[in-house]
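Reviewing the structure listed below.
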There are 4 protein chains.
Amino acid sequence: MIKIGVIGYGYWGPNLVRNFSEVSGSSVVSVSDLRSERLDLAKSRYPMVKTTTDHQELITDPEIDAVVIATPVSTHFNLAMQALEAGKHVLVEKPMTATADEGARLIDKAQRCKRVLLVDHTFVYMGAVRKIRELIQAGELGEIHYYDSTRVNLGLFQHDVNVTWDLAVHDLAILDYVLGAKVTAVSATGINHVSNAPENVAYMTLFFDSSLIAHINVNWLSPVKVRLALIGGSKKMIVFDDLQPSEKIKIYDTGITVNNTPDSIYEIRIGYRTGDMWAPRFDTTEALRAEALHFIDCIENGREPDTNGEMGLRVVRVLEAATKSIREKGKLITL
Amino acid sequence: MIKIGVIGYGYWGPNLVRNFSEVSGSSVVSVSDLRSERLDLAKSRYPMVKTTTDHQELITDPEIDAVVIATPVSTHFNLAMQALEAGKHVLVEKPMTATADEGARLIDKAQRCKRVLLVDHTFVYMGAVRKIRELIQAGELGEIHYYDSTRVNLGLFQHDVNVTWDLAVHDLAILDYVLGAKVTAVSATGINHVSNAPENVAYMTLFFDSSLIAHINVNWLSPVKVRLALIGGSKKMIVFDDLQPSEKIKIYDTGITVNNTPDSIYEIRIGYRTGDMWAPRFDTTEALRAEALHFIDCIENGREPDTNGEMGLRVVRVLEAATKSIREKGKLITL
Amino acid sequence: MIKIGVIGYGYWGPNLVRNFSEVSGSSVVSVSDLRSERLDLAKSRYPMVKTTTDHQELITDPEIDAVVIATPVSTHFNLAMQALEAGKHVLVEKPMTATADEGARLIDKAQRCKRVLLVDHTFVYMGAVRKIRELIQAGELGEIHYYDSTRVNLGLFQHDVNVTWDLAVHDLAILDYVLGAKVTAVSATGINHVSNAPENVAYMTLFFDSSLIAHINVNWLSPVKVRLALIGGSKKMIVFDDLQPSEKIKIYDTGITVNNTPDSIYEIRIGYRTGDMWAPRFDTTEALRAEALHFIDCIENGREPDTNGEMGLRVVRVLEAATKSIREKGKLITL
Amino acid sequence: MIKIGVIGYGYWGPNLVRNFSEVSGSSVVSVSDLRSERLDLAKSRYPMVKTTTDHQELITDPEIDAVVIATPVSTHFNLAMQALEAGKHVLVEKPMTATADEGARLIDKAQRCKRVLLVDHTFVYMGAVRKIRELIQAGELGEIHYYDSTRVNLGLFQHDVNVTWDLAVHDLAILDYVLGAKVTAVSATGINHVSNAPENVAYMTLFFDSSLIAHINVNWLSPVKVRLALIGGSKKMIVFDDLQPSEKIKIYDTGITVNNTPDSIYEIRIGYRTGDMWAPRFDTTEALRAEALHFIDCIENGREPDTNGEMGLRVVRVLEAATKSIREKGKLITL
């Protein structure tokens, strides 16, 4: 039984507490938050859990095996570092850290401490995303031509990071997990509509060492919520609409055929192929539950998390590059 | 009765012939195309229309008042110039020309000849787009924060121009007409998945002299067709989904409120407001019919077209800049 | 080359004229309508076609091989009978006749004259419906449990027949063609909201000699258009949404499993199975074009139409029974 | 502080426990269920709550003010009667009872005991339904012409009652609350696809003392979930799609105009009007939370519940009539 302490009981913390309470193999023994009203809420739901406004109490608590960090990104590094130093395993909210440098230091620390460091890229534990990876790795889509995601909604504006750190971070994790391709350069643009606030609208193009291109459209000021990714392959294509109650993944047996016959030197002949569409079933377990079980398994059996520090760091590096590119109005930033 | 000659009876030509045949005030007297099988088709539908494989016959035909050009973009300049020189009014398919220089020369020619030059930016004549303009000009949306359009489908790949010239051209015309804002710079990215072919996927960000940003996502290799534009204003926001059979325009009384009270120096307080949604009725006349009637009106009454040469040229200038930016992987091109 | 005369150039007649003009194997030589303005329209589109306000001229025209009747249902019998007596093949709009008795007499006449009698149940010639029949006949769905259709929109109110004769007629034809099951009894309800007018809202339940049930919901007073049929089978189920631009047919590998183990005497254990969904491609030729070609083929090669008089009569018998049941507020009418 | 005991911790019980735990004004002190594993689950979530397999313990517990009954319908009468006799207020799951006779006896008992009897017709407490009632009562829709609901999904098959008692019950409550119209007769049809089980597909038509008609389509064997009601009025019409994440209610300024001019004795002239669509905002509080607060308010302030015994009884009477009509294949049953 892994004993868990959770730092931060704001927007996401309650989901973490609920899942680590409900799965077998772990129990939540302590919750900290700076706001006493949040602790009151935690207490009303989990009367047996200890609560404190001082996270140090939690980090130094010898009863606790693992610390879950669900606080603003600027605090991730210090909290995770202290927890690792105290010998705790760490699950840290995404993005892993505010800078790539901080991320590298955490990875190093975790390795030297021989502690598990898992970054909460929840999408990687979603049945739909696992199914997409499975299809791509089995070659169903052929060569991947593009990944194009729109992820927009109204709010929640953040004060310390721009919208890419809040929303594009999901696509970066999905891309890393599903395609395993290395981003070589980024061009991004964006704007802020609230003065002195970070960009609330942003567009990123990612380049790779292949004919793959990725594009991510994120926006905190949209009248409607959209969660739509198109993945184009040379054989088949996927539409991933995360807001559909069912049939989130649709696979289209659709594409082009290129006919380069001798007499077509001056003319590329392109044919179009549209075939059946297929929506496969997949595991609909709550992603965070699967992640909680995976974290416990990694701790108990010394496994490497699917969303380990290295992956978290790769994501942060792209976010840093994108933020820099936005400031320079689309300038290509090489990674 | 304006007598019309149509050059090009391929994909779009038949729609032009049909509309100029059916509206009162014009009749189609001649159609030319290089392919005799296309002329056979035109003849079977319109037995009274003259057909020819030689467009010169049509341009020099003294019976003809106006020439409609529905051929590949690379031929627009020469055909339009010849028609103007022969004293004909000209309706030319979008994009107006292959280069801004050609566009400027056509404008100049038309002015000196005192002939009407109308660029077929059909969307400008669509009831939905007119309604959007009306709402924006009445101040319903407040200050416009962004225009974000996704316009993707499978095919038709073109050989001479990239996907922005085929699809983004529509959004550039809508932006010009609806917002009347001047594009100051462009950053664009894209890729081609067929060797030696133009880019079939592209992403453009447009900058303006204000806090407006525009983004256009175009793709010839999408498994599904999407025609979705979000227009965010400080008061209200619009979702324009052109594929909906009804309710193409939805207006959301949704947005943010920014509270800059003295004690919020370190914290911007943003509130969210979601209210009613409203889908107004609008004129559902076929856009091309409205455009045909407008062209006739401009000829008969010496009016300036809503989509005149200047507008066509502004669009071409952005397309040129975007194409240049794509080649330089997102580099900002100032207009 | 089959020479066609078309009686009635109102709502549907233009579609028939267009298709019989465009397919190879037939030409439209004459159109009649009581309204001269409709004939003017026909003339403007087809300058070579003869027009007349007197359908007798058309029926007695020796040049004409086949008469297409697109007039109100109350006139079908007389017009079709006259045409058959004049030795013409007949394509008659659905429903075939206003009464079953009239239908039986037409069938008899056509047989004795050895002329083709085709009822224009257009849906039977639609690629989607043919695909559904193919799937059901191949046993893909298992035993069919139910057919449940909603077919509602605003207008067009008819003066002589209730909404079942206008809208449910389509489902009755689809059911007849796709399932080939004999309706044994009908219970129907409905109401009229315009005084002295026929019912504009109606609901029909059809019973069969099996555990199949069919239900049809039709309405001329709906704010939105719906064309949705669910077909439940013991193995798989189909959703047929005719308003979708693509993916009109979706096949769900979904259902229940019944476990009647000894200890379940007092408890039926029902399990639920939800699997993949699959949207097959099918022929997207315009149904009326396929029907026109089929009519020509039947005439030329002495074939029996897929929608022959017997089928048309079966549909009329159900409509008569439903109309009677509606008047008696759901009373079961046995066929 | 109202002390609540909950009988039944199956499918719906947990939602009741959660809401009565979280609202201010009540606390859940005891939960009973026949299955000890369900009690274990309750205990793990609410460690302070007493649990028992014997509901008598709970009913006779002097600490308890009100009993909430979330058990199969056949047990409702006995449990509610015992609770009332023990002086408890009662909230009973819908449908209120298995027969109208039982319902009448409960109402009588509650009146004589002066105890609150609330039937859990949750939809009545939903913001969307309250908004629809408000619009109709304000005359926005004009005279109501029809209510047409489709409520289908896969499962959960029940063993003791047919699908109307499980699904149509919601529409009957909505109709009663929103329109306040008295059902005068019912014609219903249905079928069971599992031998010896109740009907899993059913269709009901309800008649009223006006030109209103209502129709309810319910099905436990549908491949897709549908929750769609159309409400047609003489002025406007509503589409209520409960599965939409937002814009559940759409109001269409659409309808017909009837022109009975003198010369139209032989012809009813019907015009069609399609105007704007409008999706109003409404309160999105969880309906069960609003219901829990209402129950507490009724107890504390002696108010009559919006879903009192009389309403519950009216619904049961229609369900009884529909079940009888189904057995007689659509025969009209007068209420």
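Readers should treat all values here as calculations from the given coordinates under stated rules, not as data from a laboratory. Bear in mind the structure is a predicted one, so any value in this text is a computation, not a measurement. A quick note on method: Cβ atoms are made from the backbone with ideal geometry, for glycine too, and the neighbour counts reach across all protein chains shown.
Observations, loosely collected:
- Cα gyration tensor, segment C:106-225 - rounded (a/c under 1.5), prolate or oblate: oblate
- Rounded to the nearest 20 debye, the dipole size of the protein assembly as shown about its Cα centre is 0 debye, using +1 on the Cβ of Lys and Arg and -1 on the Cβ of Asp and Glu.
- Theoretical ellipticity at 222 nm over chain A - DSSP helices of four or more residues, -39500 (n - 2.57) apiece, nearest 500: -9500 deg cm²/dmol
- A Förster radius of 22 Å combined with the Cβ-Cβ distance from C:ARG327 to D:ALA181 puts the calculated FRET efficiency at roughly 0.45.
- Between copies, C:ASN78 shows label-point distances of 6.4, 7.1, 9.5 nm, shortest first, with the point placed 7 angstrom from Cα along Cα to C-beta.
- Only Lys, Arg (+1) and Asp, Glu (-1) charged, at Cβ; segment A:2-115 dipole about Cα centre in debye: 240
- Here is how far apart the D:GLY139 label points are across copies: 3.4, 6.5, 7.3 nm, shortest first, using a point 7 Å from Cα toward Cβ.
- The local environment of C:GLU22, defined by Cβ-Cβ distances under 14 Å, has a net charge of +2 under the rule Lys, Arg +1 and Asp, Glu -1.
- Put simply, the amide H of D:VAL6, placed in the peptide plane, has neighbours under 5 Å in D:SER30, D:VAL31, D:SER32, D:VAL68, leaving out anything fewer than 5 places away on its chain.
- Qualifying trypsin sites (Lys or Arg not before Pro) in segment C:1-93, where qualification requires a DSSP coil assignment and no more than 12 other C-beta atoms within 10 Å, comprise C:ARG35.
- Largest GNM mean-square fluctuation across B:ALA66, B:ALA197, B:ALA173, computed for chain B with C-alpha springs under 10 Å, falls on B:ALA197.
- Shape of segment A:239-335, Cα gyration tensor, a/c cut at 1.5: oblate
- Farthest toward positive dipole pole in segment A:2-115 [+1 Lys/Arg, -1 Asp/Glu at C-beta], among A:PRO72, A:SER27, A:MET48: A:SER27
- Inter-label distance, C:ARG303 to C:SER24: 1.6 nm, where each label sits 7 Å from its Cα along the C-beta direction.
- Summed residue charge, Cβ within 12 Å of C:MET126's Cβ, Lys/Arg positive, Asp/Glu negative: +1
- Axis proximity, chain C to B: residue whose C-beta lies nearest, plus whole-Å distance: C:PRO47, 3
- In chain D, the sites counted are GluC sites (Glu not before Pro) in DSSP loop states with at most 14 other Cβ atoms within 10 Å, and the longest stretch holding none of them, exclusive of the sites, is D:144-266.
- Inter-copy separations for C:ASP101, label at 7 Å along Cα-Cβ, nm, ascending: 5.0, 8.5, 9.8
- Loop chymotrypsin sites (Phe, Trp or Tyr not before Pro), segment C:7-37 (other Cβ atoms within 10 Å of the site Cβ: 15 or fewer; DSSP): C:TYR11
- Segment A:25-70 - charge dipole about Cα centre, Lys and Arg +1 at Cβ, Asp and Glu -1, debye rounded to 20: 220
- Oblate is the label for the protein assembly as shown, because the ratio a/c of its alpha-carbon gyration tensor axes (a ≥ b ≥ c) is 1.5 or higher and a/b is not greater than b/c.
- Counting charges near B:LYS3 (Lys, Arg +1; Asp, Glu -1) among other residues having Cβ under 9 Å from its Cβ returns a value of -3.
- Beyond 27 Å in Cα-Cα separation lie the following of the pairs A:LYS94/A:LYS182; B:LYS248/B:LYS331; D:LYS94/D:LYS131; A:LYS131/C:LYS236; B:LYS94/B:LYS225; A:LYS109/A:LYS248: B:LYS248/B:LYS331; A:LYS109/A:LYS248.
- FRET efficiency for the A:VAL258 to C:ARG133 pair, using the beta carbon distance and R₀ = 30 Å, is estimated at 0.25.
- Loop trypsin sites (Lys or Arg not before Pro), segment B:117-194, which have at most 13 other Cβ atoms in a 10 Å radius of their Cβ (DSSP): B:LYS182
- If you take the alpha carbon atoms of segment C:2-115 and fit the smallest convex hull around them, that volume is 88 Å³ per residue.
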